[in-house]
1. Using +1 on the beta carbon of Lys and Arg, -1 on that of Asp and Glu, and nothing else charged, what's the dipole of the chain about the Cα centre, debye to 20?
2. Using DSSP to define loop residues, name the trypsin sites (Lys or Arg not before Pro) in the range 5-96 whose beta-carbon has at most 13 other beta-carbon atoms within 10 Å.
3. Can you give the calculated 222 nm mean residue ellipticity of the chain, where each DSSP H run of n ≥ 4 adds -39,500 (n - 2.57) and the sum is split over every residue, rounded to the nearest 500 deg cm²/dmol?
4. Quick check: from the Cα gyration tensor, does the range 27-96 come out rounded (a/c under 1.5), prolate or oblate?
5. Take the alpha carbon gyration tensor of the range 5-55, find the square roots of its eigenvalues, order them as a ≥ b ≥ c, and report rounded if a/c is under 1.5; if not, report prolate when a/b exceeds b/c, else oblate.
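Every read-out reported here was derived from the displayed coordinates using simple, explicitly stated rules and does not represent laboratory data. Keep in mind it's a predicted model, so treat the numbers as computed, not measured. Note: ideal-geometry Cβ built from the backbone for every residue, glycine included; neighbour counts use all protein chains shown.
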Amino acid sequence: MEEFLMDKSILFFATVIIVFLVVVVLVIYLFLTIIALRKAGTNLEQLAGGLQKIANDSEPLAEHLGTINGALTQLHGGLSSVDKHLIGIAKVLKLV
């Protein structure tokens with residue numbers, strides 16, 4: 001009987017130690033998670049600030065996009081014409 005009580009007390013202390021270790025590991029894990037989330041929050045604030053700066057800096061471009069698009073359309077037309085001429089030359093020289 002005495003041996004049974006001794007086994008019970010050893011099992012009780014082993015259980016308490018294991019539970020304590022599990023709680024310590026969970027506390028450390030949660031603490032590290034809190035630190036990671038705070039760092040992520042700081043990074044997100046910096047990212048949001050950078051994106052807002054990009055939006056503010058690129059806002060004046062909107063009024064010039066029509067002009068740029070028109071110029072690129074003209075350039076495309078000119079380059080397409082040059083391409084057709086080069087294809088014609090390649091056919092005459094029998095390169096194609």
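1. Roughly 740 debye, rounded to the nearest 20.
2. Answer by residue number: 94.
3. Only helices count here, giving -33000 deg cm²/dmol.
4. The shape class here is oblate.
5. Taking the square roots of the gyration eigenvalues as a ≥ b ≥ c, the range 5-55 is prolate.
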